[in-house]
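The structure under discussion appears below in the form of structure tokens.
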Amino acid sequence: MLKKVDSSQLRVGMFIQDLDCGWMEHPFVRNQFLITNEAEISKIVEARIRGVVIDCRRGLDVDAPTVDESAAATEAEVTALASAPTASGRMRVPLAEELQRAVHVRRQAEGLVRAVMQDARLGKAVELDQVSPVVQSITESILRNSGALPSLLQLKNKDDYTFLHSVSVCALLVAFCRSRGMDEDTIYQAGLGGLLHDTGKAMVPDAILNKQGRLTDDEFDIVKRHPRDGHDILVRTAGIGPVPLDITLHHHERRDGSGYPDRQVGDGISELAQMAAIVDVYDAITSDRCYHKGIPAAEALRKIYEWSKHHFNPALAQEFMRCVGIYPVGTLVLLESGRLGVVVEPHESSLLTPKVNVFFHAKRQVYIRPETVDLSRAVGFGGGDRIVRHESAAKWQVEPLRFMQLAEA
């Protein structure tokens, strides 16, 4: 039986099934091991790892909720959060239309980030007159349809992760700022910080950046230098403002002091840097990387929610969930009718009733005639169904993103 325990409950003789720390590097070669001494427990505590999954069949038991019970409790809290009215903002253009434009924006932005990284390695300064138009293009895409570009950016492989991750963070941070009603200049400065936040990774050797296995302590120390390296590169950029510099330097800080490079605590971390930290982790854990298989966006949001009890600002984490929806555009969901579909548009005020393109019948294991279902409507009016849970595309061996452009068909 798998149980979710707090690190304070760990004892010698327990079997660690998962350290459940997501984005965090930890001082262990494996995620799964038998605790054989107190020093190993101290390492977990000192690494600020809070929640740990243990396997009671392979080690000592403890009074704690099972993994399923813990997940159910989190889901109940998230659903309660989603039940409150929200204001997602009206989509100015349909998803299918904006996806066509977003392909060009993605290509343009990826090319720019590659060029910035290459210039940084050669010791050249970043030129804002080349970066600004790309940030503007990303912002305009988000204003037209906030789900199109982020959902397209979910499609990235481990080889282009470093570059497209920066584009994703920019797009998501722009959407996050917009949903919080921030002014245009702040949104632009945040977007600039998002696009350039990982510039310092240009100084990390490719052998470390693309290593298949877990990093050694020395290798991780090199990686942890990238926020300060990026800050040092950008500070030489003519016209750069304090917001992009702050985001670049502090997007790995955590409210409990477990982050780096300055181990800032609580509200000592700026609001925009805290927002960038949430966005950065969300995109990282949903992406396939050389040492990590991405998880579905809906599952990632629930991880963010759990981790916000210690690492992130809980209010900001909840606002980010309202921004992207607890079922973000591109999420595969199972409906009460037994149909599988992909979320294509959030409801203006209800996170639980988005529009979904259904295309597969889970019970009959067959593809069906695709159609758009508006879950906010009643039977006979294009609705009459509800989401049971989010699903993994790999589990069903389907490609939900293929069916996103049917919303207007």
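The values are calculated or read from the model by the stated rules, or taken from the named source; none is laboratory data. Given the structure is predicted, the values throughout are model-derived calculations rather than measurements. Methodologically, a virtual Cβ is constructed for each residue, glycine included, from the backbone with ideal geometry; neighbour enumeration extends over all protein chains shown. Note: accessible area is taken over every heavy atom of the protein model, side chains too, but ligands, DNA and RNA are not part of it. Shrake-Rupley method; radii C 1.70, N 1.55, O 1.52, S 1.80 Å.
In the set Ile54, Ile44, Ile138, Ile49, which member is within 21 Å of the chain's Cα centre (by Cα) and within 30 Å of Lys4 (Cα to Cα)?
Details: Ile54 fails: within 21 Å of the chain's Cα centre (by Cα); Ile44 fails: within 21 Å of the chain's Cα centre (by Cα); Ile138 fails: within 30 Å of Lys4 (Cα to Cα).
Answer to the selection: Ile49.
Identify all residues within the range 231-243 that are in contact (Cβ under 8 Å) with a residue 12 or more places away in the chain and either within 20 Å of Thr186 (Cα to Cα) or open to solvent by 40 Å² or more (accessible area, probe 1.4 Å) (or both); write none if there are none. Spell out how you get there, then give the answer.
First pass over the range 231-243, keeping only residues in contact (Cβ under 8 Å) with a residue 12 or more places away in the chain: 231-234, 236-241, 243.
Those that are in contact (Cβ under 8 Å) with a residue 12 or more places away in the chain and either within 20 Å of Thr186 (Cα to Cα) or open to solvent by 40 Å² or more (accessible area, probe 1.4 Å) (or both): His231, Asp232, Leu234, Arg236, Thr237, Ala238, Gly239, Ile240, Gly241, Val243.
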(message) Among the numbered criteria (1) in contact (Cβ under 8 Å) with a residue 60 or more places away in the chain; (2) surrounded by fewer than 15 Cβ atoms within 10 Å (Cβ to Cβ), which one does Arg50 miss?
(response) (2)
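Anything in the range 57-66 that is within 31 Å of the chain's Cα centre (by Cα) and open to solvent by 20 Å² or more (accessible area, probe 1.4 Å)? List them, or say none. So that I can check it myself, show each step before the final result.
Step one: of the range 57-66, the residues within 31 Å of the chain's Cα centre (by Cα) are 64-66.
The answer is Pro65, Thr66.
Considering only the range 222-230, I want to know if a residue exists there that is in contact with a Leu (Cβ under 9 Å, 6 or more places away or on another chain), in the same structural domain as Ser166 (by the TED database) and surrounded by fewer than 16 Cβ atoms within 10 Å (Cβ to Cβ).
Keep residues of the range 222-230 that are in contact with a Leu (Cβ under 9 Å, 6 or more places away or on another chain), which gives 222-223, 227-228, 230.
After this cut, where a residue has to be in the same structural domain as Ser166 (by the TED database) as well, the list is 222-223, 227-228, 230.
Going one step further and asking which of them are surrounded by fewer than 16 Cβ atoms within 10 Å (Cβ to Cβ), we end up with none.
Among the residues of the range 222-230, not one is in contact with a Leu (Cβ under 9 Å, 6 or more places away or on another chain), in the same structural domain as Ser166 (by the TED database) and surrounded by fewer than 16 Cβ atoms within 10 Å (Cβ to Cβ), which makes the answer no.
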(request) Among the candidates Gly330, Gly384, single out the residue that is surrounded by fewer than 22 Cβ atoms within 10 Å (Cβ to Cβ) and on the phi > 0 side of the Ramachandran plot. (result) Gly384
(message) Scan the range 77-100 and tell me whether some residue there is more than 30 Å from Thr372 (Cα to Cα) and either touching a residue at least 60 places away in the same chain (Cβ under 8 Å) or surrounded by 17 or more Cβ atoms within 10 Å (Cβ to Cβ) (or both).
(response) no
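Right, Ala315: among the hydrophobic types (A, V, I, L, M, F, W, C), surrounded by fewer than 15 Cβ atoms within 10 Å (Cβ to Cβ) and in the same structural domain as Gln274 (by the TED database) or not?
On the way: among the hydrophobic types (A, V, I, L, M, F, W, C): yes; surrounded by fewer than 15 Cβ atoms within 10 Å (Cβ to Cβ): yes; in the same structural domain as Gln274 (by the TED database): yes.
Yes.
In this structure, is Asp20 surrounded by 14 or more Cβ atoms within 10 Å (Cβ to Cβ) and modelled with pLDDT under 95? Even if it seems obvious, please write down each step before you answer.
On the way: surrounded by 14 or more Cβ atoms within 10 Å (Cβ to Cβ): yes; modelled with pLDDT under 95: yes.
Here the answer is yes, as Asp20 does meet what is asked.
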(message) If I ask for residues that are in a helix (DSSP H, G or I) and open to solvent by less than 10 Å² (accessible area, probe 1.4 Å), which ones from the range 318-327 would you list?
(response) Phe320, Met321
(message) Quick check on the range 27-47: of everything there that is more than 19 Å from Arg214 (Cα to Cα) and in contact with a helix residue (DSSP H, G or I) (Cβ under 8 Å, 6 or more places away or on another chain), which residue is surrounded by the most Cβ atoms within 10 Å (Cβ to Cβ)?
(response) Ile35
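In the range 244-261, is there at least one residue being open to solvent by 50 Å² or more (accessible area, probe 1.4 Å) and within 12 Å of the chain's Cα centre (by Cα)? Quick ask: steps written out before the conclusion?
Initially, the range 244-261 is screened for residues open to solvent by 50 Å² or more (accessible area, probe 1.4 Å), giving 255.
From the residues that got through so far, the ones that are within 12 Å of the chain's Cα centre (by Cα) too are none.
No, every residue in the range 244-261 fails to be open to solvent by 50 Å² or more (accessible area, probe 1.4 Å) and within 12 Å of the chain's Cα centre (by Cα).
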